[in-house]
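Asker: Have a look at the structure that comes next, please.
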Amino acid sequence: MEKNSRRTRRTQRRGDIQADLTGFAKPRNHDLAVQLVNRVGNPLQRLHDVAINRYVADAFNLAFNDAAEVGYHALHAVQRYCICAVGQGMAELHRFVAMERRNFIRNTVAAAGAIGLQGNLMARPKWKRKSLVNKLHIGIIGSGMRGQAHIDLLLRRHDCEVTAIADPDPVMLKQTQAIFERHGKTMPAVYDKGNHDYIRLLTMAKPDAVIISTPWEWHTQMAVAAMKEGIYTGLEVSGAVTLDECWALVNAYKSTRTPLYFLENVCFRRDVMAVLTMVREGLFGELIHLECGYQHDLRGVKFNDGVTAYGPGVEFGERGFSEAKWRTWHSQYRNGDLYPTHGIGPVAQWINFDRGNRMERLVSVASKSRGLHNYIVNHPKGGQDHPNAEVDFRLGDVVTTSITCTHGETIVMYHDTNLPRPYSLGFRVQGTRGLWMDVNNSLYVEGVSPAHQWEDAGPWLKKYDHPLWARHEKDAEGAGHGGMDWFLIDSFVRCGIDGLEIPFDVYDAATWKAITPLSEASIASGNMPQEFPDFKK
Ligand SMILES: NC(=O)c1ccc[n+]([C@@H]2O[C@H](COP(=O)([O-])OP(=O)(O)OC[C@H]3O[C@@H](n4cnc5c(N)ncnc54)[C@H](O)[C@@H]3O)[C@@H](O)[C@H]2O)c1
């Protein structure tokens, strides 16, 4: 009986994979296939990277999972790239990928033998909580701007130690070293031998926990590898590139039970937590509609001078620095809500996702794209003749997504990162008795506020201030994003030491990240509704 149901589940999973892969070749998804290859500025180099990344993940999967199923998956992944390549009239890419794959597998097997990795892989490690530690040894994968901010907070604490860092960029490592010196500490073990050296961090340094703060396209494979090594995993925020990635996270968790902490810091924002108390106490009545988003003028982040993160300029890709090096690609080749979790994380707390309520489907629309091109041509270091003035950015300047939930609430999300505007996540929490909006810090409660008039939300936020903030206000002083990053890191470390329940776990990560590929699919298909997978089924 058990055997049968397991087989049925496996067949279903295979069916899902098959549907996904065959779907890729259909005209409906042709756009996605083209996107994949288009994501290539320099097609050979980029496809090389995609292929290498993919096969690292596949090599792990092969070792950990049902070989037949993953073999099937890997075969079709190759076909998928070939379809793209052929579709673009680039048959040589096909040969290139095949050659890289052979080389990569040969090299990986050799390397795995050399460092004793294979034994670990075959052992299917399971999460085993060590007897409660009073000091968490933490490895950092990606010590760029965000990783450095995490390190700075971690080095202030007495209950953890940063014992290893993996990052191939010497400039970022130098900046990181300066942080250690500022704290009077010596640099820990460094793994800087290329993009895959993080695997040595996992298998040789063997930290209790890792924080992954790398470019988005690396997140899944790194998190899966860490979970499979039984290392408590903190994963920085991003939308997923594909739905497969979301499943990979969930499946890695199911097979290892290693906890994943999705590092969504906005859930700890002071007003967000005060509003959570208001919601729990029924101030707004039954919740009906919510709004949120990522409305942040990122033009000075997507482009810089290639020397410092905010140095004025219009360079990106290989000529950019920090996020301009990788994030701008996503605006060039993708069109969807690329960064949904700062908005949906708090919303998920307010409307009790996962306690019977879930997001069921979404529809996305995208405006035209003007902001990034205009920024380049109007910038003193850019102009009509700058090579980047030729670049065609696909990301609509404002992407709007509507979501419906099981309990009947609606959510509207905005992704708005290419135009001049002050920062705002645009929260609105509206129920049968009243609402709060963060844009003008305004609030209205029927029967309490003057009729039909906005009140300043300030006094309300003070009254409902979360006790955690009142208790730790001083500790959080000077920490990033108005102090909320202190709460995030505190929570991450304490969950690791005390074995507390993870507040934003792998299922939250998968569901929130899924908004990105679903919104892209909706836009690519002429705004068709897209169903959310139920990652708990
Ligand atoms: N929660 C927040 O408020 C917040 C703020 C900023 C960034 N982020 C997220 O943090 C992540 C990192 O962003 P960032 O601003 O630090 O970018 P960044 O470009 O400054 O840093 C990324 C770092 O990763 C390194 N890296 C790239 N490939 C690697 C690999 N294969 N192995 C090891 N290291 C590798 C790079 O060399 C770089 O140092 C992103 O997911 C971003 O969305 C979150």
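Asker: Please compute P(r) over all alpha-carbon pairs of region 136-264, binned at 5 Å starting from zero, and give each bin as a whole-number percent.
Answerer: Using 5 Å bins, I get a P(r) of 2, 12, 23, 25, 20, 12, 5, 2, 0 for region 136-264.
Asker: Long-range amide H contacts for Gly431: which residues qualify at under 5 Å (H placed 1.01 Å from N, peptide plane, sequence gap of 5 or more or a different chain)?
Answerer: Under 5 Å from the amide H of Gly431: Ile288.
Asker: Moving on. Enumerate the amide H contacts of Ala189 below 5 Å, restricted to partners 5 or more residues apart or on another chain; note that Pro and chain-start residues carry no placed amide H.
Answerer: Counting only residues 5 or more places away or on other chains, the set is Ile165.
Asker: Oh, and also: So what's the gap between the Cα centers of region 194-265 and region 301-322, to the nearest angstrom?
Answerer: That distance is 27 Å.
Asker: To continue, here is another question. Could you sort out which of Lys193/Lys228; Lys368/Lys536; Lys185/Lys206; Lys325/Lys537; Lys174/Lys474; Lys302/Lys513 sit more than 32 Å apart by Cα distance in this structure?
Answerer: From the list (Lys193/Lys228; Lys368/Lys536; Lys185/Lys206; Lys325/Lys537; Lys174/Lys474; Lys302/Lys513), the Cα-Cα distance tops 32 Å for Lys368/Lys536; Lys325/Lys537.
Asker: Please get the size of the charge dipole for region 136-264, origin at its Cα centre, with Cβ charges of +1 on Lys and Arg and -1 on Asp and Glu, quoted in debye to the nearest 20.
Answerer: Charge dipole, region 136-264, about its Cα centre: 300 debye, nearest 20.
Asker: Spelling out what I want: for every residue of region 390-402, take phi, set θ = phi - 60°, compute 6.51 cos²θ - 1.76 cosθ + 1.60 (Karplus), and round to whole Hz; glycine and proline get x.
Answerer: Coupling constants for region 390-402: 7, 6, 9, 8, 7, 4, x, 4, 10, 10, 10, 10, 10 Hz.
Asker: Which far-off residues, 5 or more places away or on another chain, put their amide H under 5 Å from the one on Gly234, with H placed in the peptide plane?
Answerer: Answer set, sorted by chain and number: Val210, Ile211, Ile212, Tyr261.
Asker: Would you calculate the separation in nanometres between label points at His407 and Arg471, each defined as 7 Å from the Cα along the Cα-to-beta-carbon direction?
Answerer: Result: 2.5 nm between the two label points.
Asker: Any idea what % of Cα-Cα pairs in region 245-293 are farther than 13 Å?
Answerer: On the way: 839 of 1176 pairs.
For region 245-293, the share of Cα pairs beyond 13 Å comes to 71 percent.
Asker: Follow-up question, since we're still on this one. If you take the beta carbon distance between Gln384 and Gln453 as r and set R0 to 51 Å, what does 1/(1 + (r/R0)^6) give as a FRET efficiency, to the nearest 0.05?
Answerer: FRET efficiency, Gln384 to Gln453: 0.55.
Asker: Return a whole-number percent for the relative contact order of region 183-288, with Cα pairs under 8 Å and 6 or more residues apart as the contact set.
Answerer: Relative contact order here is 20 percent.
Asker: From the backbone phi of region 447-461, what are the Karplus-calculated ³J(HN,Hα) couplings (6.51 cos²θ - 1.76 cosθ + 1.60, θ = phi - 60°) in whole Hz, Gly and Pro given as x?
Answerer: For region 447-461, the Karplus-derived couplings read x, 10, 6, x, 3, 6, 10, 6, 10, 5, 6, x, x, 5, 5 Hz, x marking Gly and Pro.
Values in this text are rule-based calculations from the coordinates and carry no lab data. Treat the numbers as computed from the prediction; the structure is a model and nothing was measured. Using ideal geometry, Cβ is built from the backbone for each residue, glycine included, and neighbour counts are taken over all protein chains shown.
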